[in-house]
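Let me begin by handing over the structure; questions about it come next.
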Amino acid sequence: MPLSVAGEQQFGNVVRQMGKMMDQLQKGYFNYCPAETWTPAVNLYENDISYLVCVDLSGVDKEKIDLIVADGRLRLRGQRAVPVSPEGGEARAMGLRVHLMEIDYGPFCREVGLPNDVDHENIQATYLNGMLWIELPKK
């Protein structure tokens with residue numbers, strides 16, 4: 001059964017995705033990951049002893065998140081499943097008409113450039129309430 005999108009123009013999703021891509025380009029830290037479908041939001045913080053990266057990954061199973069530090073970059077990859085209703089079904093399978101769809105799902109990728117003074121041996125990550133916190137200690 002095809003997904004019915006109420007009130008959306010034929011290319012409405014393409015326009016929305018292009019708008020999101022332009023937003024990322026304007027932020028200045030966008031890195032293109034061609035196979036992925038969405039890019040999680042990131043906050044970057046710093047104090048005297050470390051950098052802290054907070055990534056919004058609500059709804060992502062922590063076992064589906066890959067974190068790689070290489071070549072002066074922090075790369076996150078993973079997958080978020082299609083949202084499931086409290087009754088246990090996907091909108092498509094339940095025959096629901098979609099009026100608005102802003103929650104991205106599927107594969108994701110995000111890269112952040114790292115400063116030269118990061119201690120790569122002592123990086124720690126904590127996943128709490130849908131937020132991935134990555135502590136990058138300074139050398």
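The values are calculated or read from the model by the stated rules, or taken from the named source; none is laboratory data. These numbers come from a predicted model, not from an experiment. Using ideal geometry, Cβ is built from the backbone for each residue, glycine included, and neighbour counts are taken over all protein chains shown. Calculation scope for accessible area: heavy atoms of the full protein, side chains included, ligands and nucleic acids excluded. Shrake-Rupley method; radii C 1.70, N 1.55, O 1.52, S 1.80 Å.
Restricting attention to the stretch 83-100, does a residue exist that is at pLDDT 90 or above, surrounded by fewer than 14 Cβ atoms within 10 Å (Cβ to Cβ) and not acidic (Asp, Glu)?
No.
Further question: VAL5: at pLDDT 85 or above and among the aliphatic types (A, V, I, L, M), yes or no? Working first, answer last.
Numbers: at pLDDT 85 or above: no; among the aliphatic types (A, V, I, L, M): yes.
Judged against the criteria, VAL5 is not a match.
From the residues in the stretch 64-76 that are closer than 21 Å to THR37 by Cα and either in contact with a helix residue (DSSP H, G or I) (Cβ under 9 Å, 6 or more places away or on another chain) or of a type in the set (Val, Ile, Thr) (or both), which one is least open to solvent (accessible area, probe 1.4 Å)?
ILE65
Restricting to the stretch 101-139, count the residues that are under 26 Å from VAL82 (Cβ atoms), touching a helix residue (DSSP H, G or I) at 6+ places or on another chain (Cβ under 9 Å) and open to solvent by less than 40 Å² (accessible area, probe 1.4 Å).
Total meeting the criteria: 2.
Need pairs with beta-carbon distance below 7 Å; first residue farther than 22 Å from THR37 by Cβ and small (Gly, Ala, Ser) and within the stretch 78-95, second part of a loop (DSSP other than H, G, I, E, B) and open to solvent by 60 Å² or more (accessible area, probe 1.4 Å); sequence gap 6+ or separate chains.
GLY95/MET1
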